[in-house]
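Participant: Please see the structure below; I have some questions.
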Amino acid sequence: MTLTFQNLRKHYGSNVAIDDVSTSFAPGLIHGIIGPNGAGKSTLINMTAGSYTVSSGAIHLDGSNLCGLQKFEVANQGVARTYQNIRLFDQMTVLENLEVCYYPQAVGQAWKEILWPPFATEREARRRAACMELLSFFNLQGYAEAEAGSLPYGRQRMLEIARALVTNPRVLLLDEPAAGLNHHETAELTSRLAALKSPERVMIIVEHDMDLVMSLCDRIVVMHHGKLLFEGTPAEVQASTDVQTAYLGTANDIDDIKAAAEDRRAQLGIRARRRS
Ligand SMILES: Nc1ncnc2c1ncn2[C@@H]1O[C@H](COP(=O)(O)OP(=O)(O)OP(=O)(O)O)[C@@H](O)[C@H]1O
Ligand SMILES: [Mg+2]
């Protein structure tokens, strides 16, 4: 079960966002996608999840083409995602945010729930238990009945990942899961993501936090101006002079880049506090 991009292109009018990208993502590994702002990372996620159409090329999962499918059809193929800017159902409780995503698994037998109430009760209990287990995995069980929109920003990020996992996806796409998190929350996130690694799952993480990417990912794809610039292990990426010059700048610039990432984190933190 491999996810494959084949000569993928995406343009918005005359702006070429993705330019002939071919690569594949094996299960059992955590894949990072990195690159400067505007490199095309989110566009890759959006096309894979069916949120954006593909201009040309193909995206195959286990041999079947995902291109041209509606978002819900892609989800039914086992693809789940989170967003660069959190998109929860703010007015619903934390538990309900998960339960609504559980529903598609049950829809085929909805008629039985209507005709046989004990069946419905039993299924509701099972659904709740499964969702509570996921909440506990992310240490969110204490928030189960809270409104999702009222959660601290870091908890909302965790909840979004928990929600993406409700369908037990074969492909998990995370767009900047650490954005706006403090160091403690980032460490917690890193350990949770490491625990989600499974031979049955392709995990792709778009991230600017280089410490997280280098410590968590088995393989990294480097995007630059819509093109795939480099792919390899974290050590290979760090050793690549192409990546150094095109993405990280010269070795002397690395401290500046880390400082810029800190600024970005601080800005997001300010925004997060305003939201809550
Ligand atoms: N909906 C859209 N309409 C028009 N242009 C878009 C759209 N989404 C992305 N783009 C453009 O496509 C290019 C790639 O954007 P994308 O969001 O994929 O970059 P990114 O690597 O995720 O950047 P960042 O790190 O800032 O999130 C950019 O030039 C961007 O302006
Ligand atoms: Mg992006």
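Participant: Please figure out what share of the DSSP beta bridges in the chain is antiparallel and state it in percent, rounded to the nearest 5. Display every interim value, and only then the final one.
Facilitator: Details: 20 of 36 bridges.
Expressed as a percentage, antiparallel bridges in the chain total about 55.
Participant: Moving to a separate point now. Taking the Cα centre of the chain as origin, work out the dipole magnitude from +1 charges on Lys and Arg Cβ and -1 charges on Asp and Glu Cβ, in debye rounded to 20. Present the calculation step by step, with values, prior to reporting the outcome.
Facilitator: Values: 27 positive and 31 negative charges, 124 e Å.
Dipole size: approximately 600 debye.
Participant: Between residue 91 and residue 200, what is the FRET efficiency for a Förster distance of 41 Å, r being their Cβ-Cβ separation, to the nearest 0.05? Walk me through the intermediate numbers first.
Facilitator: On the way: r = 34 Å, r/R0 = 0.82.
Computed FRET efficiency for residue 91 and residue 200: 0.75.
Participant: Relative contact order, percent, of the range 1-123 when contacts are C-alpha pairs under 8 Å separated by at least 6 residues?
Facilitator: Numbers: 138 pairs, mean separation 26.0, N = 123.
Once normalised by length, the contact order is 21 percent.
Participant: Across the chain, how many lysine pairs, 8 or more positions apart or on different chains, have C-alpha atoms separated by under 25 Å? Please give the number.
Facilitator: Count of close lysine pairs: 10.
Participant: Give the calculated FRET efficiency between residue 111 and residue 76 to the nearest 0.05, with a Förster radius of 30 Å applied to their Cβ-Cβ distance. Don't skip to the answer; put the middle values down first.
Facilitator: Values: r = 20 Å, r/R0 = 0.66.
In this case the efficiency is close to 0.90.
Participant: Using 0.36 nm times the number of residues separating residue 20 and residue 133, minus their current alpha carbon distance, what extension gain do you get?
Facilitator: So the extension gain works out to 36.6 nm.
Participant: While we're on this one: List every residue whose amide H lies under 5 Å from the amide H of residue 229, counting only residues 5 or more places away in sequence or on a different chain, with H placed 1.01 Å from N in the peptide plane.
Facilitator: For residue 229, the qualifying residues are 222, 223, 224.
Participant: Who wins for biggest fluctuation among 45, 33, 114 in a Gaussian network model of the chain, springs between alpha carbons below 10 Å?
Facilitator: Among 45, 33, 114, the largest mean-square fluctuation in the Gaussian network model of the chain belongs to 114.
All of the numbers you see were taken from the coordinates with simple rules; none came from a lab. All values reported here derive from a predicted model rather than from experimental measurement. So basically every Cβ, Gly included, is an ideal-geometry build from the backbone, and we count neighbours across all protein chains shown.
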